[in-house]
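Working notes, beginning with the structure itself.
The values are calculated or read from the model by the stated rules, or taken from the named source; none is laboratory data. Predicted model only: the values in this text are computed from it and were never measured. Here Cβ is always computed from backbone atoms with ideal geometry, including for glycine, and neighbour counts include all displayed protein chains. Just so you know, the surface numbers come from the protein's heavy atoms only, side chains and all, with ligands and any DNA or RNA stripped out. Shrake-Rupley method; radii C 1.70, N 1.55, O 1.52, S 1.80 Å.
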Amino acid sequence: MITRAIILAAGRLPEDNGHGTLRPLVLVDGEPLIHRTLRTLGSLGVTDVTVVVGYRGDEIRTALAGCEYCAPGVSIRILDNPQWRLTSGISLL
């Protein structure tokens, strides 16, 4: 059984002007997409999730603060990717 997952939430879309809602924070049925993702992972038995942030990472950190209610039993760790400006995938190497 898979018990660990990683969510890549560090990048910026080319058309993003810095003022729109980040994709992980877009509301779906009234809650941020990242909360729904964490809850779904938890329901599938995942207990350890690492969220990689970079661009506007403070907004994602804020959304995840106190997220125990959205994903009971899931341990959430947040890592900063300071090289988020590099081309997709390359900054992860």
Got a number for residues in segment 19-35 being part of a strand (DSSP E or B) and not β-branched (Val, Ile, Thr)?
3
Of the residues in segment 67-80, those that are open to solvent by less than 50 Å² (accessible area, probe 1.4 Å) and at pLDDT below 90 come to Cys67, Cys70, Ala71
Might you check whether a residue that is at negative phi, more than 11 Å from the chain's Cα centre (by Cα) and at pLDDT 90 or above occurs anywhere in segment 85-93?
no
Name the single residue that is farthest from Ala10 (Cα to Cα) among those in segment 46-61 being open to solvent by 20 Å² or more (accessible area, probe 1.4 Å) and either in contact with a Ser or Thr (Cβ under 7 Å, 6 or more places away or on another chain) or without any contact (Cβ under 8 Å) to a residue 24 or more places away in the chain (or both).
Thr47
From Leu33, Leu64, Leu25, Leu8, grab the single residue that is buried (at least 17 other Cβ atoms within 10 Å of the Cβ) and free of Cβ contacts under 8 Å to residues at least 12 places away in the same chain.
Leu33
